[in-house]
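To keep things clear, I will list the structure first and then write my remarks on it.
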Amino acid sequence: MKSPSASLRHLYVPESRIFEVQILLSLPTDKIERTNEALRSSQTLKNLREDSDPVKRIASAANIPFAQALALWYAVSNLSRQRSAQKIADGDFLADLSVLMPDGAPPLDDQRRNALLGLFARTTEGNLLEKAEFLQRAYAPALVSCRSVCDIRPIFDEKRERIQAAALVVLLGLETHTDEHDIKTVVVQATRSKLADLKKCIEDAEHKLAVMEQQFGDKVELF
């Protein structure tokens, strides 16, 4: 049986990424329209610059789970670039989307066709968002969240009969996400002095970003 990817005439969607497009195509039309607004409006672009987490913003605007918003974000970024680069006509683009349509998806009426074409249109706002998101997450795992756990570890005497002292340790859990959808938690441990080193490193990074914002903020859009 011919796979959906092999049946596409204009788009390239590897088998491992079909689910992203199908999540999008399963959404009700009104959620697609709200996603379009979240990705394309200039006001949303301003909000995303301030928020710095477009996937969460999209999830909120469309009222969908984070995982769906993440898949939707990758689908839109991928297919809209292809549509623009190859100058795929509206009818051909919709025909390829129909090949990937999952069972139970809403029918492609005029409102839905217009919503999909609008979502995959190339706009200044959408283009900036997609490129910024790529540069902030590509090539290396991106930090999603972090947590700390403080631990006290007893130090026993030589006979292991009495606790003579204790060592204080902090465990830092760093949850990361890659552009291949791999989510991993990296755990490192640190002493109080190493936490101070880490704090200084973060403060140095924030200072450098502030200098860059001051240098370039009136010349280009910054995310």
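None of the figures in this text is laboratory data; all of them are computed from the coordinates on show. Since the model is a prediction, treat every value here as computed from it, not as a measurement. Please note: Cβ atoms are built from the backbone with ideal geometry, for glycine as well, and neighbour counts cover all protein chains shown.
Just checking the listed ones, Ala121, Ala75, Ala210: in the Gaussian network model of the chain with Cα springs under 10 Å, the one fluctuating most is Ala210. Estimated from helices alone, the mean residue ellipticity of the chain at 222 nm is -17000 deg cm²/dmol (sum of -39500 (n - 2.57) over DSSP H runs with n ≥ 4, per residue).
Quick one: how many lysine pairs in the stretch 142-216 have C-alpha atoms under 25 angstrom apart, if they're 8 or more apart or on different chains?
So the count of such lysine pairs works out to 5.
What the pair-distance distribution of the chain shows, using all Cα-Cα distances binned every 10 Å from zero, is 7, 25, 27, 18, 11, 7, 4, 1, 0 percent.
So for the stretch 142-216, considering every pair of alpha-carbon atoms, how many percent are separated by more than 22 Å? Working shown, then result.
On the way: 1387 of 2775 pairs.
Roughly 50 percent, rounded to a whole number.
Principal axis analysis of the Cα atoms in the stretch 55-107 yields extents of 31, 28, 14 Å, listed in decreasing size. Going by neighbour counts of Cβ atoms within 10 Å, the residues Ile58, Ile163 line up, fewest first, as Ile163, Ile58. When the chain is treated as a Gaussian network with alpha carbon springs shorter than 10 Å, the biggest mean-square fluctuation among Lys199, Lys159, Lys208 belongs to Lys159.
I need the peptides 7-15, 170-178 ranked by packing, meaning the mean over residues of other C-beta atoms within 10 angstrom, with the highest value on top. Before the final figure, lay out the partial values.
Working: 7-15: 13.4, 170-178: 15.1.
The packing order, highest mean first, is 170-178, 7-15.
Helix 124-137 axis versus longest C-alpha principal axis of the chain: approximately 40°, rounded to the nearest ten.
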